[in-house]
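Shown next, in structure tokens, is the structure this report addresses.
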Amino acid sequence: MTSALIVLVFGLTQWLTEVAILLGETVVEVSIATSSLESLCPSESRLATCFFGGSVKVDGEDIIRLGTIDMASHISVTLSNLNSFGRISVNAMKPWRFVGSVDYVPAPASWKLSGEDAAEFAHLNFKISKIALSSFAHGVIGQTSRVKYDSNGQAVRTPCSCPLIPKSNG
């Protein structure tokens, strides 16, 4: 079985700012940084054609148009826009058995930030829907949050590093 490598980078805000998914020779990179292709997007109805924000590279090439890119080895990358964020879906079947998505989430409009400041407060959400483990990859370690409650019963989110899929002892 062929393995996948996933690299996550957290910015100074402790929010996820960059993701790289390596599937053999195929590399998918997502960042909150503005795309070098941004100037090619139409000013009217931008979200009907171009990805919500940030930058996406597949095998080193910048991608900003919505739609699906079929790569070699049963790998597809789809860029889509939802109501308030953009989603990059990665499907890698044989031999990878990996399905995941990266969401580009901009700063809320209610913060009324300028374009440059708004980009700085964007973040990425990363979700693994399916991953095949092997004798070399025993599990997935991630950063997540657990909800705790203060004395008034209000939720307080605290970050922790928690194993999401423990290594089996068999």
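Any read-out appearing in this document is the output of simple, stated calculations on the displayed coordinates, not a laboratory observation. All values derive from a computational prediction rather than experimental measurement. A quick note on method: Cβ atoms are made from the backbone with ideal geometry, for glycine too, and the neighbour counts reach across all protein chains shown.
For the reader, a short list of remarks on this structure follows.
- Couplings 3J(HN,Hα) of region 93-108, computed from phi: 7, 4, x, 7, 6, 10, 9, x, 8, 10, 9, 8, 10, x, 4, x Hz, in residue order, whole Hz [Karplus 6.51 cos²θ - 1.76 cosθ + 1.60, θ = phi - 60°; x for Gly and Pro].
- Debye, to nearest 20: dipole size of region 43-107, +1 on Lys, Arg Cβ, -1 on Asp, Glu Cβ: 200 debye
- Net charge, residue 130 excluded, C-beta distance under 15 Å - Lys, Arg +1, Asp, Glu -1: +3
- Among the GluC sites (Glu not before Pro) in region 37-102, those placed in a DSSP loop whose Cβ has at most 13 other Cβ atoms within 10 Å are 44.
- Estimated inter-spin distance, residue 152 and residue 22, nm [label 7 Å along Cα→Cβ]: 4.7 nm
- Cβ-Cβ FRET estimate between residue 129 and residue 49, R0 fixed at 30 Å, reported to 0.05: 0.65
- Counting Lys and Arg as +1 and Asp and Glu as -1 over every other residue whose Cβ lies under 12 Å from the Cβ of residue 71, the net charge comes to -4.
- Using the Cβ of residue 101 as centre and a radius below 12 Å, the other residues enclosed give a net charge of +2, where K and R count +1 and D and E count -1.
- Magnitude of the charge dipole for region 4-134, about its Cα centre and with charges confined to Cβ atoms of Lys, Arg (+1) and Asp, Glu (-1), is about 560 debye.
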